[in-house]
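See below for the structure under consideration.
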Amino acid sequence: MERLSIFDIYKIGVGPSSSHTLGPWKAANRFALGLVDKPVKSVQVNLYGSLSKTGVGHGTDVAVLLGLQSYKPEIIDTQKIDAYIARIKSEKTLRVAGHFIPFDPKSGIVFEKHSLPYHPNALSFKAEIEGDDPVEETYYSIGGGFITQGREKESLIHLNDLPHPIESGSELIAHTEMLNCSVSEVVLKNEQYLRTQHEIEAGIDQIYQTMLECVYQGCHSEGYLPGGLNVKKRAKAISDRLLGDRKYHNIQSWLDAIGNTPHTFSNINKWISCFALAVNEENASLGRVVTSPTNGAAGVIPAVILYHRCFGEYKSQDDIRRFILTSGEIGCIFKKRATISAAVGGCQAEIGVSSAMAAGALTEIQGGNPEQVLMAAEIAMEHHLGLTCDPIGGLVQIPCIERNTMGAIKAITASNLALESDPKSAIVNFDMVVKTMWDTAQDMHEKYKETAEGGLAFNLPVVLPNC
């Protein structure tokens, strides 16, 4: 059984989609790395299944072009992406392995009508090499920025190599009982097997800082989202209205100003929605986000963290670290026992999982015991079961952005319910709801799995040009 680190669940990258943007980008990076020192004459990219059907709206074509040029999603200057792509299209050349080759995106990226059998998110690369055989590779983007070639998975360590191997919720609880500790403490002990305490804290702090910067940027950006739907950004207007004439000069004083706004139910509810909208408007604009566990669901976790930071009983940075550790492990269990890919399980696998992660983590830092942590995660997922993925025009905008606000609110509600409940009296447990989500994913019709062929996407069809 695979063992995933919380840093596999939380990845820093570029929007709008972890499976359709970040995964293909990483696949292109890997393919380009294999071409170093080879006299490349040409490159062909083929997209299959969901990557083909909603690839343009999700930026798959942009991702593979940037990935083939060896740009890294974690550090690329997102403000220059449009210029990089414009140069490729105007000059019809691509810089691969340090050399420019002829490349026209209109013919060099082929959107296939069929799927490959292993996974609905598939892409292949073929490079013609002067004086040698072509180099060909096929990759699968399996959700959350994870990629595989069907015969291996990345970033995996054998489960039993860890001091406290966890495959399920029941195993997680067993370890907390044996050690008489919290969920985050068990997760931390496993992470310490993989890296130093300093590396863990620095990694989590970077994740949180990236989330914070994303929310701040989203709350200070206006205009319309790219893609052709003419969706107007709303986070800035909401933030400005709620802040009124309160002054601030940086992110920290901005958070303090938010915390000084009225602590009424209505005001707090609006701020939670504003935080989530800000992240996913940035995500839709090819901004830098953190997969949580995916790009399309990236707004839920930051919104719930900032709810606690601005309106809860926030104590210190340790709250954030415990939140990320706890939520990350919940995401790992869903990844191992079900799916975090909307192309496999619909939006229940993205917003549902992120809401469960946030609910469990919020419960931990609010003083809940391990059983209440998993009860909160169960409640959150239970009320996302069957949620379809039906992005209009294949864009991660409608209904995706607003769904993050719903996921955040459900997470907080689930946490409050769990904190006021006795888990021993619960009828449904966490492992049961994980299995049910997976069963539902297998039963769900393909058109509701990120194909833009069902639901809202069908009733409000938008045809976007390829590349």
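Rundown of residues vs (1) among the aliphatic types (A, V, I, L, M); (2) within 30 Å of GLN217 (Cα to Cα), yes/no style:
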position	(1), (2)
SER52	no, no
GLY55	no, yes
HIS58	no, yes
LEU66	yes, yes
THR78	no, yes
LYS89	no, yes
LEU94	yes, no
PHE100	no, no
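Scanning for something under 28 Å from LYS233 (Cα atoms), among the aliphatic types (A, V, I, L, M) and not in a helix (DSSP H, G or I), does the range 297-318 turn up at least one residue? Checking the range 297-318: at least one residue is under 28 Å from LYS233 (Cα atoms), among the aliphatic types (A, V, I, L, M) and not in a helix (DSSP H, G or I).
Kindly indicate whether GLY169 is modelled with pLDDT of 95 or more, within 30 Å of ILE251 (Cβ to Cβ) and touching a Phe, Trp or Tyr at 6+ places or on another chain (Cβ under 7 Å). No; evaluated as a whole, the condition is false for this residue. Summed over the range 406-455, the residues that are within 21 Å of ARG337 (Cα to Cα) and acidic (Asp, Glu) give a count of 5. Set side by side, the residues LEU212, LEU225 differ, and just one is crowded, with 18+ Cβ neighbours inside 10 Å and farther than 18 Å from ILE365 by Cβ, which is LEU225. The condition (being assigned by TED's automatic domain parsing to the domain that holds VAL373, of a type in the set (A, V, I, L, M) and assigned to a loop (DSSP other than H, G, I, E, B)) is satisfied by just one residue among LEU229, LEU212: LEU229.
Inspect all residues belonging to the range 334-354 and state whether any of them is closer than 19 Å to GLU420 by Cβ, out of contact with any strand residue (DSSP E or B) (no Cβ under 7 Å at 6 or more places or on another chain) and assigned by TED's automatic domain parsing to the domain that holds GLU191. For the range 334-354, residues closer than 19 Å to GLU420 by Cβ, out of contact with any strand residue (DSSP E or B) (no Cβ under 7 Å at 6 or more places or on another chain) and assigned by TED's automatic domain parsing to the domain that holds GLU191: absent.
Of all residues in the range 113-150, how many are part of a strand (DSSP E or B) and either aliphatic (A, V, I, L, M) or on the phi < 0 side of the Ramachandran plot (or both)?
Total satisfying the criteria: 20.
Of all residues in the range 186-209, those satisfying the criterion of being in a helix (DSSP H, G or I) and surrounded by fewer than 18 Cβ atoms within 10 Å (Cβ to Cβ) are LYS189, GLN192, TYR193, LEU194, GLN197, HIS198, GLU199, GLU201, ALA202, ASP205, GLN206, GLN209. The helices (runs of 4 or more DSSP H) found entirely in the range 357-461 that carry 1 or more residues being surrounded by 24 or more Cβ atoms within 10 Å (Cβ to Cβ), modelled with pLDDT of 95 or more and in the same structural domain as ASN180 (by TED's automatic domain parsing) are 370-382, 400-419, 430-443.
When ARG322 is tested against (1) out of contact with any Pro (no Cβ under 6 Å at 6 or more places or on another chain); (2) buried (at least 24 other Cβ atoms within 10 Å of the Cβ), exactly one condition is not met: (2).
The values are calculated or read from the model by the stated rules, or taken from the named source; none is laboratory data. Given the structure is predicted, the values throughout are model-derived calculations rather than measurements. When we count neighbours, we look across all protein chains shown, and the Cβ atoms used for this are built from the backbone with ideal geometry, even at glycine.
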